[in-house]
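Worksheet: the structure to be examined is printed underneath.
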Amino acid sequence: MKNYFKKYNKGYSLIEIIFYISIFVVLSLVVINALIVMTKAFRENSIQADIVSSSSIMERISREIKQANTATVNTSSDLTLMVPNEVDALVRPVRLMLSGGNIELYDNSVLIDNLNSKDVTVTGLTFSGVLTTSSAAVRINLSVSSVHDPLGRVYDFQNTVVLRGSY
């Protein structure tokens with residue numbers, strides 16, 4: 001019996017190569033796009049983590065003010081609190097101030113800590129006293145930005161804290 005089919009050399013034709021290359025290009029574009037989306041999501045997640053950590057700054061400032069008997073606003077970004085010791089009831093000064101993008105906490109004129117992390121820059125901090133006939137409070141406005149944010153977005157936190165024993 002005669003073989004009516006020609007035997008072709010093994011290999012790829014030009015059309016097959018173009019087809020495989022186009023599939024490879026499409027899959028490569030999908031993978032590259034997914035990597036770009038994941039990178040943007042990771043950066044945004046880092047920014048949000050920095051901002052969440054900034055809320056702890058406001059909590060720490062509020063806690064220090066709640067413990068104070070008196071508060072003196074030296075400048076709009078410098079606050080001195082008179083806080084009684086728990087052991088001997090002596091009053092010690094606690095100072096909160098903005099210095100070059102960092103909030104510094106002083107206890108008895110000794111620098112204890114910067115309240116913000118290295119990933120957060122404080123762009124604004126203002127203290128203002130609030131006095132009524134029956135109580136005293138401190139109004140706090142805090143503005144922060146993340147060093148990971150290429151857009152430089154600023155996030156604002158606000159709080160009013162009543163001083164100890166004045167309510």
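The values are calculated or read from the model by the stated rules, or taken from the named source; none is laboratory data. None of the values given here were measured: they were computed from a predicted structure. A quick note on method: Cβ atoms are made from the backbone with ideal geometry, for glycine too, and the neighbour counts reach across all protein chains shown.
Can you tell which of VAL94, VAL144 is modelled with pLDDT of 90 or more and within 22 Å of ILE47 (Cβ to Cβ)?
Working: VAL94 fails: within 22 Å of ILE47 (Cβ to Cβ).
Step by step, each of VAL94, VAL144 is checked, and only VAL144 is modelled with pLDDT of 90 or more and within 22 Å of ILE47 (Cβ to Cβ).
Inside segment 95-116, can you point out the residues that are of a type in the set (A, V, I, L, M, F, W, C) and touching a residue at least 40 places away in the same chain (Cβ under 8 Å)? Can you show your working first?
Initial filter on segment 95-116 (of a type in the set (A, V, I, L, M, F, W, C)): 96-98, 103, 105, 110-112, 115.
The answer is ILE103, LEU105, LEU115.
Any idea which residue in segment 73-92 is farthest from the chain's Cα centre (by Cα), counting only those that are of a type outside the set (A, V, I, L, M, F, W, C) and surrounded by 15 or more Cβ atoms within 10 Å (Cβ to Cβ)?
Taking segment 73-92 and keeping what is of a type outside the set (A, V, I, L, M, F, W, C), we get 74-78, 80, 84-86, 88, 92.
Now restrict to residues that are surrounded by 15 or more Cβ atoms within 10 Å (Cβ to Cβ): 77-78, 80, 84.
Details: SER77: 20, ASP78: 22, THR80: 25, PRO84: 32 Å.
Here the answer is PRO84.
Can you name the condition, by its number, that ASP88 falls short on among (1) over 24 Å from LYS118 (Cα atoms); (2) charged (D, E, K, R); (3) in contact with a strand residue (DSSP E or B) (Cβ under 8 Å, 6 or more places away or on another chain)?
The single condition ASP88 does not satisfy is (3).
Does segment 69-93 hold any residues that are among the aliphatic types (A, V, I, L, M) and farther than 23 Å from VAL120 by Cα, and which are they?
Pass one, segment 69-93, residues among the aliphatic types (A, V, I, L, M): 71, 73, 79, 81-83, 87, 89-91.
If the condition is that a residue be among the aliphatic types (A, V, I, L, M) and farther than 23 Å from VAL120 by Cα, then ALA71, VAL73, LEU81, MET82, VAL83, VAL87, ALA89, LEU90, VAL91 are the ones that fit.
Among the residues of segment 145-167, is there at least one that is hydrophobic (A, V, I, L, M, F, W, C) and farther than 22 Å from SER55 by Cβ? It would help to see each step written out before you state the result.
Taking segment 145-167 as the starting set, the residues that turn out to be hydrophobic (A, V, I, L, M, F, W, C) are 147, 151, 154, 157, 161-163.
Subset that is farther than 22 Å from SER55 by Cβ: none.
So far as segment 145-167 goes, no, none of its residues is hydrophobic (A, V, I, L, M, F, W, C) and farther than 22 Å from SER55 by Cβ.
From SER22, SER46, SER28, SER56, grab the single residue that is at pLDDT below 90, out of contact with any Cys (no Cβ under 7 Å at 6 or more places or on another chain), part of a helix (DSSP H, G or I) and loosely packed, with under 14 Cβ neighbours inside 10 Å.
Working: SER22 fails: at pLDDT below 90; SER46 fails: loosely packed, with under 14 Cβ neighbours inside 10 Å; SER28 fails: at pLDDT below 90.
Going through SER22, SER46, SER28, SER56 in turn, just one is at pLDDT below 90, out of contact with any Cys (no Cβ under 7 Å at 6 or more places or on another chain), part of a helix (DSSP H, G or I) and loosely packed, with under 14 Cβ neighbours inside 10 Å: SER56.
Restricting the search to segment 120-140, which residues are surrounded by fewer than 17 Cβ atoms within 10 Å (Cβ to Cβ) and within 18 Å of the chain's Cα centre (by Cα)?
Result: THR123, GLY124.
I'm trying to understand the selection: among the residues of segment 35-48, which are among the small types (Gly, Ala, Ser) and either free of Cβ contacts under 8 Å to residues at least 60 places away in the same chain or within 14 Å of PHE157 (Cβ to Cβ) (or both)?
Listed by number, the list holds a single entry, ALA41.
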